[in-house]
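Enquirer: I'd like to ask some things about the structure below.
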Amino acid sequence: MALFRKFYVYLFISSLFIAYFIPSKVITGQRAQAAVQPYMTEPAISPDRSEIAFVSGGDVWTVAASGGEARLLVSHPATESRPLYSPDGARLAFISNRTGNGDIYVLTFTTGDVKRITFDDVNDQLDAWSRDGRWLYFSSTSRDISGMNDIFRVSSEGGTPMQVSADRYTNEFFASPSSDGQTIAFTARGNASAQWWRKGHSHLDESEIWLMHDGAPQTYERVTEGGAKEMWPMWGTGTGELFYVSDRSGAQNVWRQTVGGRAERVTTFRDGRVLWPNISLDGRVIVFEHNFHIWKLETNNGQAREVSITLRGAPASASVEHVRLTDQIQELALSPDGKKLAFVVRGEIFAASSTDGGDAARVTNSPAYESQINWSPDSRRLAYVSDRDGTPHIFLYDFTMNTETQLTRADAEDVAPRFSPDGKWLAFQRGNTELRALEMSSRQERLLATAKFEMPPINPARPFVWSPDSRWIAFLPVAENLFSNIYVVSVEGGESRAVSFLANVGNNTLSWSPDGTFLLFVTGQRTENGQLARVDLVPRTPRFREDQFRELFREEQPRTLAPNQQRPESPQPAATPQPTPSPSPTPSPSASPEEQRKPAVKKVEIVFDEIRRRLSLLPVGIDVNYEAISPDGKYALMIASAAGQENLYVYSLDELSREPSVAKQLTSTPGNKNFAQFSPDSKEVFYLDQGRINVVSVDGKQTRPLAVSAEMDIDFSREKMEVFRQAWSLLNTHFYDPNFHGVNWSAMRDEYEPLIAGARNADEVRRLLQLMIGELNASHLRASPPPSTTPTTTGRLGLRFDRAEYESRGRLRVSEVIPLSPAALSGQINPGKYILALDGRELDAHTNLDELLNYKINRRVVLTIASSADGANRRDVALRPVNNTTEKALLYRQWVEANRAYVARISGNRLGYVHMYDMGAPSLAQLYVDLDAENHEREGVIIDIRNNNGGFVNVYAIDVFERRGYLTMTPRGLTSGQARTVLGQRALELPTILVTNQHSLSDAEDFTEGYRSLRLGKVVGEPTSGWIIYTWDLTLIDGTVFRIPHMRVTANDGTNMERNPRPVDVPISRPIGETYTGRDSQLDAAVRELLGQ
């Protein structure tokens, strides 16, 4: 980020900021400037082998095949990738995300024209040209269930893409057509289509090379034996010779294999990765990426060498971008006097008026990430965390002096600063084991407690809190079984003591009541509603409204008494000392008269005897995930979920209130809310709603936005290094294995830092981050772009078409209608019908139906259909297209119902069938629906978790199948029922069998392990993925979504389940293409086994 001009701010006790300012900083301890190393990838060799096209910085470059100076060919602010020469060398196809998630374009060299070929919402992964240059082959998840790819081809002149190989719910990608176009070599199974960057593999990462022989019907042939990650098949000089990349020898290398013959290794790399290979038209040369550079392989002799390349050219996007941000706010803190607020945006701290908002004053300006802001009680200073010296430490900014001071410098990470109410202390957490307090006057630290704590950013929202008298701290450590309960410790020292004793894991946001008598916190278990728990620190005496009436009769002092006749006042506690100002060149302003009039703070007492019995759950009736107490102690503020939306609620804590104690909803918008806090007068709540500041009155009558703007220069060259440092550090702190799967994680920082320094756009930075995290050979890792603000635009009709008919005659003949889709609901479109026009535009061989359906979701379109290609019985049908997600869900339900019917048919209606899409709460609810009366009437049920992507509900799903009956209940005159079912507990109480496959991952593997350990039945199919670590998604400074695998999962036998697939009792692998035969060999085996029990 470029430096702003320096301004100064003038802050009076009763006024707000009136000018911009930039504090001066001395940044020490940072790593030396990294060397710059450009990253080059995705090469393609020209047909005559004279030139190589490749990608660097999101642009397409070309260089002589012998190396040298590269020139820029295609440059755009968007990211271009996967350039491929046409067989005649006259055109270049490539992918660009300039129009969404990735579409295919074709550049004509002679004219410079660029033509868009595909128009789908999802990424279209360009794979190959046909030998005659007529077709472009690509892989896409657009028409299959979940994230599974099918193989498509489309005319290089444009048209509607057609599925070439579309085995339902099967991953098929990286297609390579033979010279005659009759056979397609491709990669099948596994997830290498998305995670090609992982170094090493588990079962899910393993893939195989297959052939599809085109014809009626098409047939499939397996080439490689499996057990390795094998990708990117390429046809050699002969029709039966294939080259591909495999890691079966340990490191990735290029291999050669004749179809039906043995495989042999061509290159001899012992380390690194071989990525994105491309073979010349005559099969003599393969170019590929190896260790971030372009390499060339002579296939006849196996000699491989690096191509020396020098880049000459500038990126299309500017390195410094001036922005004025009004949203994307990540943290918010209202000052105690209610007049100011501080917030974090893009890793920088700003401050503004809480009344008017407007242009915010910038508090920090460093490449590092600043966060965890906390105001001092006098509203003049701000504590926060910055990692500018390589380790998170605590800094203090004094607004009266415009100075910044670094408060801590330990080797460990110092996080979560929080001022005591009297301003004398600043409590914080050091590492994940210490709770400390810093005396602000002497700058001396004091160790208060040693325990296990979570570290930001995955710790509780408010992990500890001061008592109102600044004598105690309550905190939420993590104990045995990951239970989290409240402990309190005196700031004067001594042992910490527990004040809550719940067997819950999900505790959060701790608050101390203003009168010091009780604590509030959120507690619960996953899938259960979060509850608001109260711990009374002293035995509570009920208060009654009747007592208010009796107070009226207490003797009052006569107003006519002279001053010397007035009764002496009872002794009052000494006034609480004013907060000690931080050291500064000039004295801080004295306390205002208003502050001097503040009442003395009541001493907090804690009666530990029988405190376990003084915990109560407040009947708020909503799913709470955050709480705060109003300054007057009358309300609990909650962020809670109800009806699928997250909103703000208040609940009365006032025993003397005449209103009933029910949760009152303050907001009613669908976005996520966070950092909610009361104004000092308890009349308003400030909060963030989808990155914007809003204010709502406690009576709920008025909600208003508080518009603030943060103006800054985003210097990509500086920010990318902070993104890298942040990503590396997060894994360094949080990766579940402290030994990093045997990888030297510090060496990885040294290796990738120069590459990040050479990166030319954010997409390239994220790509390099993925390569770095791929070194860990672990699951549940990713570095993804910020959530897209571009809406899904391509409408779906629920139709599939006859490829042969379209490619030969240019006519769209319906081959499949997805049940309940817009086409199916019309009742007029059936297989065999022809689609002649859409909204009056005639369709031909070069019309892309997706293009015509862009921006048509939920809008009326008119299809012209006919019973024959010549237009017989021509008529119009009005439809309302749905989005991609809806069509995929309909396709999934079609697959489930087909499997259920299949099992019923081959078992003679003796067995039932259920499938779980994933292990999320909606899938658990769907399981309850699918285990219907018909399934309960069967002799047994097949449980199918193939392709299940995991989640967290495995323990609840297992209960349904493990529970056994022990009572029967019979109402008079009615039939009997099992007691569990009659009393409302889900229980199947029938024999079952489990079906898994390579794509049963994460929590689906937990389910499988539970099923095996509890001996519920046999497991049929393929071993699971070996992909199981519990993970958190975090956001980096530039909005990158970064995934952190943080929690180990261990089987009862002590096995780390990561990279250890759960085995099966009856192994059977379903061959690619089996969908087209109408069979399912894994369900066949499951039926045989279950009927044989």
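Enquirer: What number, in percent, do you get for the relative contact order of the chain if the mean sequence gap of Cα pairs under 8 Å and at least 6 apart is divided by its residue count? Spell out each step's value before the answer.
Expert: Numbers: 2644 pairs, mean separation 100.9, N = 1093.
Result for the chain is 9 percent.
Enquirer: Another question, then. Which three numbers, in whole Å and largest first, are the semi-axes of the equivalent ellipsoid of region 213-320 derived from its Cα gyration tensor as √(5λ)? Walk me through the numbers on the way to the answer.
Expert: Values: eigenvalues 171, 62, 44 Å².
Each semi-axis is √(5λ); the values are 29, 18, 15 Å.
Enquirer: Amide H to amide H under 5 Å from Arg1062: which residues, 5+ apart in sequence or cross-chain, H placed 1.01 Å off N in plane?
Expert: Close amide H contacts, sequence-distant or interchain: Thr1024, Ser1025, Gly1026.
Enquirer: Next question. At 0.36 nm per residue, minus the direct Cα-Cα distance, what do Arg986 and Asp389 gain on full extension? Give it in nm, one decimal, please.
Expert: Numbers: separation 597, 0.36 × 597 = 214.92 nm, distance 5.48 nm.
Additional length available on full extension: 209.4 nm.
Enquirer: Can you compute the helix-only [θ] at 222 nm over the chain? Use -39500 (n - 2.57) per DSSP H run of at least 4 residues, normalise by all residues, nearest 500 deg cm²/dmol.
Expert: On the way: 15 runs with 145 residues, N = 1093.
Computed ellipticity for the chain at 222 nm equals -4000 deg cm²/dmol.
Enquirer: What does the charge count around Gly226 come to, taking other residues whose C-beta lies under 11 Å from its C-beta (Lys +1, Arg +1, Asp -1, Glu -1)? Before the final figure, lay out each step's value.
Expert: Values: positive: Arg189, Arg222, Lys229, Arg248; negative: Glu206, Glu208, Glu225, Glu230, Glu1022.
Once all neighbours under 11 Å are counted, the net charge is -1.
Enquirer: Within the P(r) computed for region 299-389, what percentage of the Cα pairs occupies the region above 23 Å?
Expert: Everything past 23 Å amounts to 45 percent.
Enquirer: Can you tell me the FRET efficiency between Asp681 and Arg658 if r is taken as the Cβ-Cβ distance and R0 is 30 Å, rounded to the nearest 0.05?
Expert: Details: r = 21 Å, r/R0 = 0.69.
Efficiency at R0 = 30 Å is approximately 0.90.
Enquirer: For the residue pair Arg134 and Thr733, what label-to-label distance in nm results when each label sits 7 Å from Cα along the Cα-to-beta-carbon direction?
Expert: It is 5.9 nm.
Enquirer: Continuing with this model, one more query. Any chance you could give the angle, 0 to 90 degrees and rounded to 10, that helix 716-734 forms with the longest Cα principal axis of the chain?
Expert: Once rounded, one gets 80 degrees.
Enquirer: Right, next: If the only charges are +1 at each Lys and Arg Cβ and -1 at each Asp and Glu Cβ, what is the size of the charge dipole of region 812-944 around the Cα centre, to the nearest 20 debye?
Expert: Values: 15 positive and 17 negative charges, 70 e Å.
So the dipole magnitude of region 812-944 works out to roughly 340 debye.
Enquirer: Another one. Need the full-extension length gain, Thr792 to Arg98, defined as separation in residues times 0.36 nm minus the C-alpha distance. One decimal, nm. Numbers along the way, then the final one.
Expert: Details: separation 694, 0.36 × 694 = 249.84 nm, distance 1.46 nm.
Going from the current span to full extension adds 248.4 nm.
Enquirer: Chymotrypsin sites (Phe, Trp or Tyr not before Pro) within region 917-1006: which are DSSP loop residues with at most 15 other Cβ atoms inside 10 Å? Kindly include the intermediate steps, with their values, before the conclusion.
Expert: Values: sites: Tyr917, Tyr928, Phe952, Tyr956, Phe961, Tyr966; in loops: Tyr917, Phe952, Tyr966.
Within region 917-1006, the qualifying chymotrypsin sites (Phe, Trp or Tyr not before Pro) (loop, at most 15 other Cβ atoms within 10 Å) are Tyr966.
Enquirer: Oh, and also: Taking the alpha-carbon centroid of each part, what is the distance from region 1048-1093 to region 764-809 in angstrom?
Expert: Rounded to whole Å, the Cα centres lie 27 Å apart.
Enquirer: If you plug each phi of region 95-103 into the Karplus form 6.51 cos²θ - 1.76 cosθ + 1.60 with θ = phi - 60°, what whole-Hz ³J(HN,Hα) values come out, in order, with x for Gly and Pro?
Expert: Working through the residues one at a time gives 9, 9, 9, 5, 10, x, 8, x, 10 Hz.
Enquirer: To continue, here is another question. Taking amide H positions as placed 1.01 Å from N in the peptide plane, with prolines and chain starts having none, which residues 5 or more places from Leu706, or on another chain, fall under 5 Å of its amide H?
Expert: Ile693, Asn694, Val695
Enquirer: Compute and list, largest first, the equivalent-ellipsoid semi-axes of region 799-882 from the alpha carbon gyration tensor, each √(5λ) rounded to a whole angstrom.
Expert: Working: eigenvalues 65, 42, 31 Å².
For region 799-882, the semi-axes come out at 18, 15, 12 Å.
Enquirer: Let me ask something else about it. May I ask you to list the residues of region 809-838 whose amide nitrogen lies under 15 Å from a point 7 Å from Cα along the Cα→beta-carbon direction of Thr1075?
Expert: Under cut-off, by backbone N: 815-819.
Enquirer: How much FRET efficiency would the formula 1/(1 + (r/R0)^6) give for Gln328 and Ala933, where r is the Cβ-Cβ distance and R0 is 51 Å, rounded to 0.05?
Expert: Numbers: r = 50 Å, r/R0 = 0.99.
The pair Gln328/Ala933 has a calculated efficiency of 0.50.
Enquirer: Applying 1/(1 + (r/R0)^6) with R0 = 41 Å to the Cβ-Cβ distance of Arg222 and Thr310, what FRET efficiency is obtained, to the nearest 0.05? Walk me through the intermediate numbers first.
Expert: Details: r = 44 Å, r/R0 = 1.06.
For Arg222 and Thr310, the calculated efficiency is 0.40.
Enquirer: Apply the Karplus parameterisation 6.51 cos²θ - 1.76 cosθ + 1.60, with θ equal to phi minus 60°, to every residue of region 127-134 and state each ³J(HN,Hα) to the nearest whole Hz, in sequence, with x for glycine and proline.
Expert: Each residue of region 127-134 in turn: 10, 6, 8, 6, 4, 8, x, 7 Hz.
Enquirer: OK, next. Considering the Cα trace of the chain, what is its radius of gyration and what is Dmax, both in angstroms?
Expert: 33.1, 117
Enquirer: Follow-up question, since we're still on this one. In terms of Cα to Cα distance under 25 Å, which lysines are near enough to Lys296, apart from those fewer than 8 places away along the same chain?
Expert: Filter leaves Lys199, Lys229.
Enquirer: From the residues Ala878, Asn848, Leu836, which one has its Cα farthest along the dipole of region 799-882 in the positive direction, the dipole being from +1 and -1 charges on Cβ of Lys/Arg and Asp/Glu about the Cα centre?
Expert: Checked the options; the winner is Ala878.
Enquirer: Hey, rough spin-label estimate for Ser709 and Gln690, points 7 angstrom out along Cα→Cβ, what's it come to in nanometres?
Expert: 2.1
Enquirer: Can you give the net charge of the other residues whose Cβ lies under 10 Å from the Cβ of Val287, counting K and R as +1 and D and E as -1?
Expert: 0
Enquirer: Given the peptides 347-359, 152-164, 433-445, arrange them by the average over their residues of other C-beta atoms within 10 Å, most packed first. All intermediate terms of the calculation are to be shown ahead of the outcome.
Expert: Numbers: 347-359: 20.0, 152-164: 21.5, 433-445: 16.8.
Order by mean packing, descending: 152-164, 347-359, 433-445.
Enquirer: On to the next question. Which shape class applies to region 961-1093: rounded if a/c is under 1.5, otherwise prolate when a/b exceeds b/c and oblate if not, where a ≥ b ≥ c are the square roots of the Cα gyration tensor eigenvalues? Show your work: numbers first, answer last.
Expert: Values: a/c = 2.15, a/b = 1.39, b/c = 1.54.
It is oblate, given that a/c is not under 1.5 and a/b is not larger than b/c.
Enquirer: Right, another one. Skipping prolines and chain starts, which residues have an amide H placed within reach, meaning under 5 Å, of the one on Thr992, given they are 5 or more residues away or on another chain?
Expert: Val941
Enquirer: Given the Cα-Cα distance of Leu447 and Asp1084 and 0.36 nm per residue of separation, how much length would full extension add, in nm?
Expert: This chain segment gains 222.9 nm when fully extended.
Enquirer: Return the sequence-ordered ³J(HN,Hα) values of region 954-964 in whole Hz as given by the Karplus equation 6.51 cos²θ - 1.76 cosθ + 1.60 applied to θ = phi - 60°, using x for Gly and Pro.
Expert: Taking θ as phi minus 60°, the curve returns 4, 5, 6, 5, 4, 4, 4, 8, 7, 4, 10 Hz for region 954-964.
Enquirer: Between region 89-145 and region 913-964, how far is it from one alpha carbon centroid to the other, in angstrom?
Expert: 41
Enquirer: Over 18 Å between C-alpha atoms is what I'm after, so list which of Lys634/Lys683; Lys115/Lys856; Lys602/Lys683; Lys664/Lys701; Lys340/Lys683 land there. Kindly include the intermediate steps, with their values, before the conclusion.
Expert: Details: Lys634/Lys683 11 Å; Lys115/Lys856 22 Å; Lys602/Lys683 24 Å; Lys664/Lys701 12 Å; Lys340/Lys683 16 Å.
Listed pairs above 18 Å: Lys115/Lys856; Lys602/Lys683.
Enquirer: From the square roots a ≥ b ≥ c of the eigenvalues of the alpha-carbon gyration tensor of region 897-992, which class results: rounded (a/c under 1.5), prolate (a/b over b/c), or oblate?
Expert: Values: a/c = 2.36, a/b = 1.31, b/c = 1.81.
Note, shape of region 897-992 comes out oblate.
Enquirer: What distance in nm lies between label points placed 7 Å from Cα along the C-beta direction at Ala410 and Glu241?
Expert: It is 6.5 nm.
Read-outs: derived from the displayed coordinates by stated rules, not from any lab. Computed from a predicted model, the values in this text were never measured in an experiment. Methodologically, a virtual Cβ is constructed for each residue, glycine included, from the backbone with ideal geometry; neighbour enumeration extends over all protein chains shown.
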